[in-house]
Every structure is written in C-alpha cells, then in structure tokens.
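A.B. asks: Below: one structure in structure tokens.
The values are calculated or read from the model by the stated rules, or taken from the named source; none is laboratory data. As the structure is a computational prediction, the values presented were derived from the model and not from experiment. The protein model used for the area step is the full one, side chains on, heavy atoms only, and it has no ligands, DNA or RNA in it. Shrake-Rupley method; radii C 1.70, N 1.55, O 1.52, S 1.80 Å.
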Amino acid sequence: MQTSDWQPVLLLLVLVVAAVVLLHAVSVALRAIRAPLHTGPFTGGLEPREHPLSRFHVRWYPVTMVFLAFDMEMLFMYPWTKVVSAIGTAAVVEMFLFLGILLAGVGYAWREGAFRWS
C-alpha cells in the first residue's frame with residue numbers, strides 16, 4: 001500500500017478530531033454557571049414529608065401490575081381494530097378470549113386484596 005491511499009482517511013480523522021476539540025472549547029467558553037434554584041413546595045403548600053427520590057410503598061406494586069395489564073390490553077386492541085373486519089368472527093372470538101384472561105387476572109388481584117388500601 002502506498003502512503004497516498006491513507007491520506008484521505010488521515011485528513012478526515014484530523015478534521016473530526018479538530019471539530020470535536022473546537023466544539024468542546026466553545027461549550028466550555030459559553031457555559032453558564034448557575035446556582036441551584038431553591039423553590040418551595042409546589043402542591044398544596046405543605047412542606048414535603050419525604051425526599052422526592054424515596055422508595056414507593058410496596059402497596060403500589062399490585063396497582064402498577066393492574067395498570068400494566070390494562071395498558072397491554074390497549075396495546076393489543078389498537079391493531080386488532082384494523083384487522084377485525086378482514087378476519088371476521090375469529091378475531092372477535094380471540095379478543096373476547098384475551099379479555100376473559102385479563103378479567104380473570106383482575107378477579108385474582110381482587111381476591112388477593114390488591115385493591116384494599118388498609
């Protein structure tokens with residue numbers, strides 16, 4: 001291989017490195033140093049009782065699972081509406097089977113007390 005074969009690659013590499021260094025220098029030169037913003041409570045006017053990044057109580061877990069189940073239902077129902085007329089009765093039967101399985105899951109969550117808050 002000749003040296004002239006690598007000249008365009010080296011030139012491109014030099015240009016990319018120069019552009020990165022230039023952009024970094026511009027960002028350092030134009031950086032605005034700000035003091036953290038101190039604000040009061042935003043809802044209800046009361047001081048927060050816990051840190052905003054604290055863990056959620058374990059009772060939210062079943063509610064989250066039920067929400068995700070219904071969210072998945074909507075995820076499957078939107079495309080189903082596009083093909084139900086083309087497929088016909090089989091698509092309707094499959095959707096009612098899917099909804100039955102989802103309803104069984106909600107019934108199980110209800111029986112296990114997922115919707116009780118005390």
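A.B. asks: If you roll a 1.4 angstrom probe over the protein chains with everything in place, what fraction of the accessible area of the chain belongs to carbon and sulfur, to the nearest %?
C.D. replies: Numbers: 7880 of 11170 Å².
Carbon and sulfur together cover 71 percent of it.
A.B. asks: Same structure, new question: Accessible area per residue for the chain in Å², computed with a 1.4 Å probe and the full protein assembly in place, what is it? Working shown, then result.
C.D. replies: Details: 11170 Å² over 118 residues.
Heavy-atom accessible area per residue stands at 95 Å².
A.B. asks: What per residue convex hull volume, in Å³, do the alpha-carbon atoms of the chain yield? Numbers along the way, then the final one.
C.D. replies: Numbers: hull volume 41.4 nm³, N = 118.
It comes to 350 Å³ per residue, whole-number rounded.
A.B. asks: Calculated from DSSP H runs of 4 or more alone, at -39500 (n - 2.57) each and per residue, what is the 222 nm mean residue ellipticity of the chain, nearest 500?
C.D. replies: Working: 3 runs with 79 residues, N = 118.
For the chain, the value works out to -24000 deg cm²/dmol.
A.B. asks: Something else about it: Calculate how steeply helix 89-111 sits against the longest principal axis of the alpha-carbon atoms of the chain, using the helix alpha-carbon long axis, and give the answer as 0 to 90 degrees to the nearest 10.
C.D. replies: Roughly 80 degrees, rounded to the nearest 10.
A.B. asks: Volume per residue, Å³, of the convex hull around the alpha-carbon atoms of the range 59-118? Working shown, then result.
C.D. replies: Details: hull volume 3.5 nm³, N = 60.
That works out to 58 Å³ per residue.
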